[in-house]
Amino acid sequence: MFDMYQGFAFYKNWDFEVLNYTPAEYGGLHHAAARIAGENVYRHLKHEGGTHRVQRIPEVGLSSRMQRIHTGTVTVIILPQPVEVHFHIDPKDLRIDTFRSRGPGGQSVNTTDSAVRVVHLPTGITAECQQTRSQLQNRETAMRMLRARLYQGMMGKETEQRNTARKQQVGTRSQSERIRTYNFSQDRVTDHRTGYTTRDIKEFMRGGEALDDLISDILEHTEKEALLEAAENSSSLKRTESGPSAD
């Protein structure tokens, strides 16, 4: 499956960088991680996350009397790559206070209000600077500190969202949570979310047009579901706003 996604990246002209590759003891792969970059990568791959069921007859590691169909699961985790967010701070969201710099024991060290404190009102995050005698320089420094703290907070939320997404995709790894089955003996791949089925599993595992067709079907299905859900939510909201009908 790792080779399948690598082949799909090549098919879509995406960059594929192997970050970790740990072979299993009896052949195959125990764990692997890759970074994939390109146009609309996450849109196409985000629904690949979940439990994939594989049914096949192992080629190595078992005696002849045990050469029967074995069922295993592969967990695929798709996470968006964190990127630096360039954000604009609305001046209306800031409160800027000036005060005299304080030394040890609260003693004033300046006779002018050169120290600056900047408060981001929506979050309550504060930064202040009283390093120089220039109010302008202290203000610029305080703003840089505030931006850094806001950015750190945003990254913390992004990390939390990625961890939540990872937990949702890992699940309990039970077969009941499978999103797709690869049945080698029947030469069949079936996606259980849409019912999409295709044959020629070897060609599918190359990660080319066959996988692209399945992913396109999933995208079409999820977009239709999203539209239906939006329409239902809109209808429910209108009924709520109109109130109960009169007898």
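If you go through region 100-112 one residue at a time, do you hit one that is modelled with pLDDT of 85 or more, in a loop (DSSP other than H, G, I, E, B) and not aliphatic (A, V, I, L, M)?
The answer is no; no qualifying residue exists.
Within region 148-168, can one find any residue that is of a type in the set (D, E), modelled with pLDDT under 85 and out of contact with any helix residue (DSSP H, G or I) (no Cβ under 8 Å at 6 or more places or on another chain)?
Among the residues of region 148-168, at least one is of a type in the set (D, E), modelled with pLDDT under 85 and out of contact with any helix residue (DSSP H, G or I) (no Cβ under 8 Å at 6 or more places or on another chain), which makes the answer yes.
Go through region 189-205 residue by residue and tally those that are of a type in the set (D, E, K, R), more than 21 Å from T75 (Cβ to Cβ) and surrounded by 13 or more Cβ atoms within 10 Å (Cβ to Cβ).
Total meeting the criteria: 1.
The values are calculated or read from the model by the stated rules, or taken from the named source; none is laboratory data. Please read these numbers as outputs of a predicted model, since none were measured by experiment. Cβ: placed from backbone, ideal geometry, glycine included. Neighbour counts: every protein chain shown.
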